[in-house]
Amino acid sequence: TSIAEDLKEKKLIKNVFFYKIYLKIKKPSSIKIGTYEVSGKMSLDQLIEKLSSTDIKDESISITFPEGKNMRFIAKTIAENTNNTEDDVYNILKDDVYLNSLIQNYWFLDESIKNKEIYYSLEGYLYPDTYQFKNKEVDVQTIFNTMLDNMEKKLRAYQSVIEESKYSFHEILTLASMVELEASTTEDRRGVAGVFYNRLNSRMSLGSDVTTYYAAKVDMGERDLYKSELNDANAYNTRSSSLAGKLPVGPICNPEITSIEAALYPTESNYYYFVADKNKKVYFSRNSKEHNETIAELKSEGLWYTYDN
């Protein structure tokens, strides 16, 4: 009976009440979840028989959005797996009416996502996971809303901590997105978050290369950055002195919950520097002298990361 209104709307039945009475009298086997090819010319008997059969046209799709990926990756993934284009994705991200509706519906979204300097309005907020959709006809809004619903579930346990923080959730998520790309273990992520907070409190630039790559719209590992990109003073590049003591204007990827936890519960320390070796192990230092010594040691031991260009 739960699909009665849908059947009526699609003009497959004439009367919802009569349809429900018919089901009580006939007591058919349970209707199977799936997609069916049906016709408005079918009798009620034929329709019920069809929906109770195993003759299902399964058009469902599964889409995986890995953690740490940015909106360019998400747009490409949606275009590859559905009937939407990358432009469809980018257009939705600029739809002011849609964004306003999201701000009204989700407690963790606010006007920050509409900042004109942000590249992609929902960057960071679309929770990385594997999702099931009815078929390739799924629209971008449905995909985004499903990912935002998942984000809301993940954040529910932390809502009071987030609301009591001196930082907005947009700022917390921005820092979490940096942590996501800078470290891979829970311990290292909390340590990196602690370093970032120490630098923010000391009005130092965060000096995070992952933000510089995002600012240049270049993926890590794609190529080395040009000097002009390294020095570019924009709203994302934390290597720039213009962002001393500041976070980027918004998230730079979509982080998983452990990175958000790290931003909420950072390790307290007197560290102001960190560096990772080619095996992603993170080393922390109190000052630039110690930091440079660590880098020299990693290079001498063959642990320094280099690009294969």
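The values are calculated or read from the model by the stated rules, or taken from the named source; none is laboratory data. What you see is a predicted model, and the numbers here were worked out from it, not measured in a lab. Cβ: placed from backbone, ideal geometry, glycine included. Neighbour counts: every protein chain shown. Surface areas here come from the heavy atoms of the whole protein model, side chains and all, with no ligands, DNA or RNA. Shrake-Rupley method; radii C 1.70, N 1.55, O 1.52, S 1.80 Å.
Would you be able to say whether some residue in the range 163-174 is touching a Leu at 6+ places or on another chain (Cβ under 6 Å), within 25 Å of Phe274 (Cα to Cα) and buried (at least 21 other Cβ atoms within 10 Å of the Cβ)?
Of all residues in the range 163-174, those touching a Leu at 6+ places or on another chain (Cβ under 6 Å) come to 171, 174.
If we keep only those that are within 25 Å of Phe274 (Cα to Cα) as well, we get 171, 174.
Retained after the next criterion (residues that are buried (at least 21 other Cβ atoms within 10 Å of the Cβ)): 174.
Checked against the condition, which is being touching a Leu at 6+ places or on another chain (Cβ under 6 Å), within 25 Å of Phe274 (Cα to Cα) and buried (at least 21 other Cβ atoms within 10 Å of the Cβ), the range 163-174 yields at least one hit.
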Matching residues, the range 11-57, being under 19 Å from Lys134 (Cα atoms) and in contact with a Gly (Cβ under 8 Å, 6 or more places away or on another chain): Ile56, Lys57
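Which residue is modelled with the lowest pLDDT, if the candidates are limited to the range 175-203 and must be open to solvent by 50 Å² or more (accessible area, probe 1.4 Å) and not in a helix (DSSP H, G or I)? So that I can check it myself, show each step before the final result.
Taking the range 175-203 first, the residues open to solvent by 50 Å² or more (accessible area, probe 1.4 Å) are 181, 184-187, 190, 201-203.
Going one step further and asking which of them are not in a helix (DSSP H, G or I), we end up with 184-185, 202-203.
Working: Ser184: 93, Thr185: 96, Ser202: 96, Arg203: 96.
My answer is Ser184.
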So which residues in the range 271-295 are modelled with pLDDT of 95 or more, within 24 Å of Thr174 (Cβ to Cβ) and part of a loop (DSSP other than H, G, I, E, B), if there are any at all? Tyr271, Tyr272
Sole miss for Gly34 among (1) modelled with pLDDT under 85; (2) farther than 23 Å from Lys136 by Cβ; (3) open to solvent by less than 60 Å² (accessible area, probe 1.4 Å); (4) within 41 Å of the chain's Cα centre (by Cα) is condition (2)
Ile21: passes all of (1) open to solvent by 50 Å² or more (accessible area, probe 1.4 Å); (2) within 20 Å of Asp139 (Cα to Cα); (3) not in a loop (DSSP other than H, G, I, E, B) but (2)
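From the list Lys134, Lys116, which one is surrounded by fewer than 18 Cβ atoms within 10 Å (Cβ to Cβ) and at pLDDT below 95?
Numbers: Lys116 fails: at pLDDT below 95.
Result of the check over Lys134, Lys116: Lys134.
Kindly indicate which of Ser288, Ser300, Ser259 is under 24 Å from Leu122 (Cα atoms) and among the polar types (S, T, N, Q). Steps first, please.
Values: Ser288 fails: under 24 Å from Leu122 (Cα atoms); Ser300 fails: under 24 Å from Leu122 (Cα atoms).
Answer to the selection: Ser259.
If a residue has to be exposed (fewer than 12 other Cβ atoms within 10 Å of the Cβ) and either among the charged types (D, E, K, R) or touching a helix residue (DSSP H, G or I) at 6+ places or on another chain (Cβ under 8 Å) (or both) to count, how many in the range 294-309 make the cut? Talk me through it step by step, then tell me what you get.
Just the residues of the range 294-309 that are exposed (fewer than 12 other Cβ atoms within 10 Å of the Cβ), to begin with: 296, 300-302, 306-309.
When the remaining residues are screened for being either among the charged types (D, E, K, R) or touching a helix residue (DSSP H, G or I) at 6+ places or on another chain (Cβ under 8 Å) (or both), the result is 301, 308.
Residues flagged as exposed (fewer than 12 other Cβ atoms within 10 Å of the Cβ) and either among the charged types (D, E, K, R) or touching a helix residue (DSSP H, G or I) at 6+ places or on another chain (Cβ under 8 Å) (or both) within the range 294-309 amount to 2.
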Condition test on Val138, is it touching a residue at least 12 places away in the same chain (Cβ under 8 Å), part of a helix (DSSP H, G or I) and among the hydrophobic types (A, V, I, L, M, F, W, C)? no
Residues located in the range 141-162, provided they are among the β-branched types (Val, Ile, Thr) and in contact (Cβ under 8 Å) with a residue 40 or more places away in the chain: Ile143, Val161, Ile162
Hey, Glu222 hits all of (1) open to solvent by 40 Å² or more (accessible area, probe 1.4 Å); (2) touching a helix residue (DSSP H, G or I) at 6+ places or on another chain (Cβ under 9 Å); (3) at pLDDT 95 or above but one; which does it fall short on? (3)
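Residue-by-condition table, conditions (1) touching a residue at least 40 places away in the same chain (Cβ under 8 Å); (2) basic (Lys, Arg); (3) closer than 18 Å to Val192 by Cβ; (4) open to solvent by 30 Å² or more (accessible area, probe 1.4 Å):
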site	(1), (2), (3), (4)
Leu206	yes, no, yes, no
Asp209	no, no, yes, yes
Val218	no, no, no, no
Ala233	no, no, no, yes
Ser240	no, no, no, no
Asn270	yes, no, yes, yes
Asp277	no, no, yes, no
Val282	yes, no, yes, no
Asn287	no, no, yes, yes
Based on what the data block shows, is Ile260 within 16 Å of Tyr197 (Cα to Cα) and surrounded by 15 or more Cβ atoms within 10 Å (Cβ to Cβ)? yes
